[in-house]
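Peer 1: Below is one structure. I have some questions about it.
The values are calculated or read from the model by the stated rules, or taken from the named source; none is laboratory data. Values in this document were obtained by computation on a predicted structure and should not be read as measured data. Quick reminder, even Gly has a Cβ in these numbers, built from the backbone with ideal geometry, and neighbours come from all protein chains shown.
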Amino acid sequence: MNVDFVLQLLLNGLILGLIYALVAMGLSLIFGVLEIVNFAHGEFYMLAAMGCYFLTAGAGFGYWGAVVAVTAVSVCVGFVLYEVLLRRLGGRDFERSILLTLGLSMVLQNGALYLWTATPRMTTTQYTYESVVLGPVQAPLVRILAVVLAVISFVSLYLVLHHTRVGKAMRGVAQNRDAALMVGIDPRVVSRLAVAVGVGLSGVAGAALAPVYSVHPLMGFAFLFKAFAIVIIGGLGNVAGAAIAAVALGILESLASGFFSLVVVDGLAFVLMILVLLVRPHGLFGGGVRV
Amino acid sequence: MRRAPALATLALAIAAALPFLIGDAYIYTLGLTICVFAVLASGLNLVYGFAGLLSLAQVAFFGIGGYGTAILVVDHGWSMGPAVLVAGVLATVAGLVVAYASLRLSRHAFAIVSLVFSLLCVIVARDWVSLTRGPMGMPGLPSPTIALPGLPPWQLSGPRDFYILLLVYAVAVLLLLYRVMRCRIGRTLLAIRQNEPLAQSMGQNPLAYRLFSIGLSAWVTGMAGGIFVFHLTIVDPSIFDFYYLETMLIMVVVGGPGSFWGVLGAAVFFSAIPDLLRFSADLRLVLYGLVLIAAVLAMPGGVAGLLRRRRLRRWREARR
């Protein structure tokens, strides 16, 4: 076995895991604050990637321009999503929230299929053909940039959650909704912001991944599979747990892909999820769950 | 309203006999589609409407039944009857594993894990080439023969025979589900859904009842898939297409979760009308999505819930 090969797999896994983390953290944040599992989350990721493709291919945007534009639009979409749909659900009806976001996902996914067909498209930016050599391993520049974007998002999310009033309020609502109401936190403001940030994170993920993989209307659907497994492994509603589980899963998958067949790699997330549920139902990192 | 079930049964009997009078292959195909969706939607109704668990794994059970039957018949030379039964059991086992693991945490986890399981099935069907033949699927399934005691063997060929078989199957399943929903089990499930701690304090074990409902639902759904693939004569990863799941959800949500007749009516309506109107497939699902959103926001109890509320209001007004 070759050490360079394993190092390369580790690097690829780290990149993959960080992208998983972007999507999974958004999901986990929305669940923690609103008790809503956003089944349309993968479609927002897909739409962001599509948007990135059309901005770079059609409108002549550069890489950074497209990333910033797509992220900004995603945050706005999150606001609108909360105000138009999620706000009407009110409280405790968990199954209805799933049906609602599932309906939204059907509309977005099939609408995108109808408009753009299932043909995969490649996003080319000014960085597409450059790569970075790090000692024995190398990675395309767009992958490194995806990592940079992910790390920037994590750091800013951490700073917001721990060092701003509204971020602390978000964590307060996630920990105990009733107690948060009692000390005067407006759930509507907090929820709206959580959805905006969550969808915004999936926007960053879509924009960061569009130049790395091919872009097509069914991509969100496949990605959601991993994101949900990660959210369960990390503990429902536990944002930091989701991030750690995502990176771990990315690395494990990448290592597995070097030595096993494709079906093992894809099944890994599911098997780990079931194991975690059987052994530690509240997630690998415990806490953060209100049942 | 005692007459309603009798009237509905009569109407269904007439409707079920109609294809034989017309004798057209398209009508037979439409009829057997309705039969399949009646089973699928009623199975989901037992899990969601009664046990209160939003199972997104129904399409996985359907596909496992389809693949299981096809593999047993083609690779192991089984005949169709036992293969369908065993594939149904396979779906049940899958359902119980998913439900047991996720219900340890919560209903929330069950919904998520069941969806992840469905997605996993798509991937396995596509990538585990040595078992499932990969994306090309298993085409050219043999036309099955059913040996009934005392009758000559019946070789099924063409939509007419499959319509008869699926009609018999659907009626049997619907009778079974109707019995289950109306007996103590169904009432206990409703009680657990409405107030779990209260049901528990009456000595009922929610987990056992929930597992039972999922197991039964997975079994009938899986067997429906097993029969259906022989009508298609091919099984490929599209048997796990979320089209089936989304259609089931529409039927249950619009029909009225927890209402046997509401869901059955919606199943007939939503499998017949869009097909007769010949909607494009992509736009149909966009429309279904919009219907789902509208139904969730505007009428949480579905059509059956609306009717029930109207009836209650009339009853109150009559006694004022």
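Peer 1: Of everything in the stretch A:72-100, what is under 22 Å from A:Met122 (Cβ atoms) and either without any contact (Cβ under 8 Å) to a residue 60 or more places away in the chain or touching a Ser or Thr at 6+ places or on another chain (Cβ under 9 Å) (or both)? Give them in sequence order.
Peer 2: Answer for the stretch A:72-100, where residues must be under 22 Å from A:Met122 (Cβ atoms) and either without any contact (Cβ under 8 Å) to a residue 60 or more places away in the chain or touching a Ser or Thr at 6+ places or on another chain (Cβ under 9 Å) (or both): just A:Ser74.
One line per residue, one yes/no per condition, for (1) in a helix (DSSP H, G or I); (2) within 11 Å of chain B (Cβ to nearest Cβ); (3) among the basic types (Lys, Arg):
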position	(1), (2), (3)
A:Val195	yes, no, no
A:Ala207	yes, no, no
A:Phe225	yes, yes, no
A:Leu236	no, yes, no
A:Ala246	yes, no, no
A:Ser254	yes, no, no
A:Val276	yes, yes, no
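Peer 1: Just a yes or no: is a residue in the stretch B:193-204 of a type in the set (A, V, I, L, M, F, W, C) and under 28 Å from B:Val116 (Cα atoms)?
Peer 2: no
Peer 1: Ok, one more. Kindly indicate whether A:Ser74 is in a helix (DSSP H, G or I), surrounded by 17 or more Cβ atoms within 10 Å (Cβ to Cβ) and within 14 Å of chain B (Cβ to nearest Cβ).
Peer 2: For A:Ser74, the condition - in a helix (DSSP H, G or I), surrounded by 17 or more Cβ atoms within 10 Å (Cβ to Cβ) and within 14 Å of chain B (Cβ to nearest Cβ) - is not met.
Peer 1: Go through the residues of the stretch A:261-273 one by one and say whether even a single one is outside any helix (DSSP H, G or I), at pLDDT below 85, surrounded by fewer than 24 Cβ atoms within 10 Å (Cβ to Cβ) and at the interface with chain B (Cβ under 9 Å from one of its Cβ atoms).
Peer 2: Within the stretch A:261-273, one or more residues are outside any helix (DSSP H, G or I), at pLDDT below 85, surrounded by fewer than 24 Cβ atoms within 10 Å (Cβ to Cβ) and at the interface with chain B (Cβ under 9 Å from one of its Cβ atoms).
Peer 1: Still on this structure, I have one more. Filter the stretch A:36-71 for residues that are more than 17 Å from the chain's Cα centre (by Cα) and in contact (Cβ under 8 Å) with a residue 12 or more places away in the chain; which is surrounded by the fewest Cβ atoms within 10 Å (Cβ to Cβ)?
Peer 2: A:Gly62
Peer 1: For the stretch B:1-77, give me every one of the helices (runs of 4 or more DSSP H) that falls completely inside it and has 1 or more residues that are under 30 Å from A:Arg96 (Cβ atoms) and within 16 Å of the chain's Cα centre (by Cα).
Peer 2: B:25-44, B:58-76
Peer 1: Just need a number here: residues in the stretch A:178-202 that are surrounded by 12 or more Cβ atoms within 10 Å (Cβ to Cβ) and in contact (Cβ under 8 Å) with a residue 60 or more places away in the chain.
Peer 2: 12
Peer 1: Moving to a separate point now. Go through the stretch B:98-135 and give me each residue that's under 21 Å from B:Tyr67 (Cα atoms), within 7 Å of chain A (Cβ to nearest Cβ) and not in a helix (DSSP H, G or I).
Peer 2: Within the stretch B:98-135, B:Trp128 is the sole residue that qualifies.
Peer 1: Would you please name the residue that is nearest to the other protein chains (Cβ to nearest Cβ), looking only at residues in the stretch B:54-76 that are farther than 13 Å from B:Val235 by Cα and crowded, with 24+ Cβ neighbours inside 10 Å?
Peer 2: Residue satisfying both the conditions and the ranking: B:Leu54.
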